Amino acid sequence: MPSNTATRIGWAQHLANLQTPIGTDKFGYSWRSRKGSIFHEASGYHYVNEGYKENDVLGFLIILPETTPANIILPRKYKKLVNI
């Protein structure tokens, strides 16, 4: 990785915006290599004193909530994209 660059590792739902880095909307979470910041809904939070680098081993725990109907949790503009 070139110096002074960063990567983001994370996960997203199928409605996440693919034109922006992961973690910029409510459908994804990411962890940035520089400064160890985590991102969700375009807000970065300082999580650890330093980020990850080459040859580090990373682990992620995803806890999935009970199923909630899409018409309750999705913003109006996304509702037409799913079968409710």
Inset, instruction - Answer with yes or no whether Ile38 is open to solvent by less than 90 Å² (accessible area, probe 1.4 Å), among the aliphatic types (A, V, I, L, M) and either part of a strand (DSSP E or B) or in contact with a helix residue (DSSP H, G or I) (Cβ under 6 Å, 6 or more places away or on another chain) (or both). - result: yes
Inset, instruction - Return the total of residues in segment 1-13 being more than 18 Å from Val57 (Cα to Cα) and either open to solvent by less than 80 Å² (accessible area, probe 1.4 Å) or among the small types (Gly, Ala, Ser) (or both). - result: 3
Inset, instruction - Please determine, by comparing only the residues of segment 41-59 that are assigned to a strand (DSSP E or B) and hydroxyl-bearing (Ser, Thr, Tyr), which one is least open to solvent (accessible area, probe 1.4 Å). - result: Ser43
Legend entry - Residues of segment 14-35 classified as hydroxyl-bearing (Ser, Thr, Tyr), part of a loop (DSSP other than H, G, I, E, B) and open to solvent by 70 Å² or more (accessible area, probe 1.4 Å), total: 0
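The values are calculated or read from the model by the stated rules, or taken from the named source; none is laboratory data. On a predicted model such as this, the values are computed, not experimentally measured, just so you know. Methodologically, a virtual Cβ is constructed for each residue, glycine included, from the backbone with ideal geometry; neighbour enumeration extends over all protein chains shown. In case anyone asks, the SASA skips ligands and DNA or RNA and just uses the protein heavy atoms, side chains included. Shrake-Rupley method; radii C 1.70, N 1.55, O 1.52, S 1.80 Å.
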